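What follows is a short report on a single structure.
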Amino acid sequence: MSMFTWVDFAEDDRRKMADVIALFSEKETRDELGIGGIRDTFADLLFPATSTIQTRARYFLFIPWIYQELERRRTLPADIERLARRDEIRLIRALENGGETDGIIGTLARDKLARLPSSIYWAGLGRLGIRRFAGSQEQYHREFATFYPTSLRRLVAEDEGTAGPAAWSTSLPSAPSGFLEKAAFGLSKREAKYLAERIWEFGPTVFGSLLGSADAEIDSAFVWDTTFAANLGPSLRSQIAHAQNFSELMHGAALLYNFMLACEANRKSLQDEYREELATWAELIEAAEPRYLSWDRKLFWTVVRESMHAVSPAAHKFVDRWIDHTLRSAKLTRIADDAAAQSLVVAREAQVKRTRKRIGNARALERWNEASGAGQIDYRWFRVKIIADDIRQGLG
């Protein structure tokens with residue numbers, strides 16, 4: 001059994017590790033071949049302040065509202081974790097009382113909920129400037145008395161110099177009365193405008209442009225399949241093109257990996273399923289080949305290199321080799337039986353997983369869920385379009 005121990009990581013590192021743990025069994029987000037840093041580079045460019053486990057936009061307000069009320073009550077630092085958790089659990093019932101069913105975090109786990117909404121949204125709150133305190137959630141709890149309302153800070157500060165700034169944006173819309181008794185995900189116009197403005201402050205992004213296009217179609221499985229994407233400016237279209245090409249081409253590696261696991265496990269029906277998916281993938285790649293051949297991969301790697309996400313030379317090499325092999329293959333529709341392609345995947349899995357690799361390891365293969373990272377990368381689009389729709393409906 002794996003064990004993760006929290007040390008004093010930087011907040012971004014803590015958030016990434018927590019997200020990995022929470023998403024370990026989700027089909028699309030699992031990073032079996034060590035390309036998650038590239039995926040996250042473009043997810044953050046396209047849709048800043050989001051994550052794959054956020055659900056609804058109004059949680060960006062619920063969390064600071066809960067903490068602001070606890071600040072107002074001068075909750076002791078020793079009690080803040082317990083009382084904040086209590087109120088986040090209360091929010092589950094409040095949303096149900098308000099008639100909500102979709103997107104409630106913890107509706108099944110209730111008081112046993114391990115990952116609270118505040119933890120899920122903490123990093124995004126910071127990126128949006130809603131959370132002004134720069135540290136981790138644990139640090140905020142330890143220093144909680146520093147953030148009591150100004151007139152009360154003198155009671156707990158040794159002198160006025162120790163009283164810190166507000167933990168939350170001073171322009172945050174006020175909490176509605178009784179929201180921990182009855183609440184809904186619908187945003188008021190003021191709330192929606194506030195969130196949209198926070199996102200627009202990032203400058204031109206696909207996310208921000210989406211919020212500014214009330215009639216933009218968002219039902220497609222991928223952002224690049226929307227008519228909205230085709231009407232963006234050249235810089236944003238370039239970001240989407242890089243993301244699309246990487247997603248489409250690397251999907252084949254994920255499918256081949258799972259096909260090979262199905263063969264190792266002697267699962268004939270799954271072998272047939274993945275063989276068919278690989279053939280379909282190959283046809284799509286061949287149809288789009290001119291686009292891939294004109295793709296400026298040097299610029300793609302420059303974008304990745306300039307991001308905050310670490311991508312190892314080994315990951316860079318694997319991606320380039322896979323793409324080169326894919327575009328040079330004379331029989332791509334038969335890639336399931338391509339020894340050279342299989343060799344690339346075997347070597348990369350061994351490099352990433354080491355003793356935990358599944359290929360050639362019967363014990364590790366037993367833990368295979370039949371679809372390890374087999375979904376095509378969508379860069380959080382399946383979550384973003386829900387959050388964006390919440391905000392757009394509020395804007396009217």
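The values are calculated or read from the model by the stated rules, or taken from the named source; none is laboratory data. These numbers come from a predicted model, not from an experiment. Cβ atoms come from the backbone with ideal geometry, glycine included; neighbour counts cover every protein chain shown.
I'd like to know if segment 282-293 contains one or more residues that are over 24 Å from A43 (Cβ atoms), surrounded by 15 or more Cβ atoms within 10 Å (Cβ to Cβ) and either touching an Asp or Glu at 6+ places or on another chain (Cβ under 6 Å) or of a type in the set (G, A, S) (or both). Yes, segment 282-293 contains at least one residue that is over 24 Å from A43 (Cβ atoms), surrounded by 15 or more Cβ atoms within 10 Å (Cβ to Cβ) and either touching an Asp or Glu at 6+ places or on another chain (Cβ under 6 Å) or of a type in the set (G, A, S) (or both).
Find the residue count for segment 231-264, including only residues that are part of a loop (DSSP other than H, G, I, E, B) and either touching a Gly at 6+ places or on another chain (Cβ under 9 Å) or modelled with pLDDT of 95 or more (or both). Within segment 231-264, residues that are part of a loop (DSSP other than H, G, I, E, B) and either touching a Gly at 6+ places or on another chain (Cβ under 9 Å) or modelled with pLDDT of 95 or more (or both) number 2. Could you look through segment 278-298, keep only residues that are in contact (Cβ under 8 Å) with a residue 40 or more places away in the chain and among the acidic types (D, E), and pick out the one that is farthest from E370 (Cα to Cα)? Within segment 278-298, the match that is farthest from E370 (Cα to Cα) is E286. In segment 221-230, of all residues being touching a residue at least 12 places away in the same chain (Cβ under 8 Å) and in a loop (DSSP other than H, G, I, E, B), the one that is surrounded by the most Cβ atoms within 10 Å (Cβ to Cβ) corresponds to F222. When Q68 is tested against (1) more than 17 Å from D390 (Cα to Cα); (2) polar (S, T, N, Q); (3) under 14 Å from the mean Cα position of the chain (by Cα), just one condition goes unmet, and that condition is (3).
In segment 342-396, the residue that is surrounded by the fewest Cβ atoms within 10 Å (Cβ to Cβ) out of those that are basic (K, R) and not in a helix (DSSP H, G or I) is R367.
Considering each residue of segment 91-117, count those that are of a type in the set (D, E), surrounded by 14 or more Cβ atoms within 10 Å (Cβ to Cβ) and in a loop (DSSP other than H, G, I, E, B), and give that number. Of the residues in segment 91-117, 1 are of a type in the set (D, E), surrounded by 14 or more Cβ atoms within 10 Å (Cβ to Cβ) and in a loop (DSSP other than H, G, I, E, B).
Scan segment 50-71 and tell me whether some residue there is of a type in the set (D, E, K, R), in the same structural domain as L116 (by TED's automatic domain parsing) and either in a helix (DSSP H, G or I) or more than 20 Å from S209 (Cα to Cα) (or both). Yes, there is a match, as at least one residue in segment 50-71 is of a type in the set (D, E, K, R), in the same structural domain as L116 (by TED's automatic domain parsing) and either in a helix (DSSP H, G or I) or more than 20 Å from S209 (Cα to Cα) (or both). When you look at S188, is it within 30 Å of S177 (Cβ to Cβ), surrounded by 12 or more Cβ atoms within 10 Å (Cβ to Cβ) and in contact with a helix residue (DSSP H, G or I) (Cβ under 9 Å, 6 or more places away or on another chain), yes or no? Criteria met by S188.
Tallying residues that are of a type in the set (A, V, I, L, M, F, W, C), in a loop (DSSP other than H, G, I, E, B) and either modelled with pLDDT of 95 or more or touching a Gly at 6+ places or on another chain (Cβ under 9 Å) (or both) within segment 201-220 yields 2.
Kindly indicate whether any position in segment 84-95 is in the same structural domain as E181 (by TED's automatic domain parsing) and on the phi > 0 side of the Ramachandran plot. Scanning segment 84-95, I find no residue that is in the same structural domain as E181 (by TED's automatic domain parsing) and on the phi > 0 side of the Ramachandran plot, so the answer is no. When segment 339-361 is filtered for residues that are without any contact (Cβ under 8 Å) to a residue 60 or more places away in the chain and of a type outside the set (K, R), the ones remaining, listed by number, are A339, A340, S343, A347, A350, T355, N361.
Residues that are modelled with pLDDT of 95 or more and within 17 Å of I387 (Cβ to Cβ) number at least 2 in the following helices (runs of 4 or more DSSP H) confined to segment 118-200: 189-200.
Quick check on T302: is it farther than 14 Å from H251 by Cα and assigned to a helix (DSSP H, G or I)? Against the criterion (farther than 14 Å from H251 by Cα and assigned to a helix (DSSP H, G or I)), T302 qualifies.
Taking segment 72-85 as the range and being touching a residue at least 40 places away in the same chain (Cβ under 8 Å) and in a helix (DSSP H, G or I) as the test, the residues that pass are R72, P77, I80, E81, A84.
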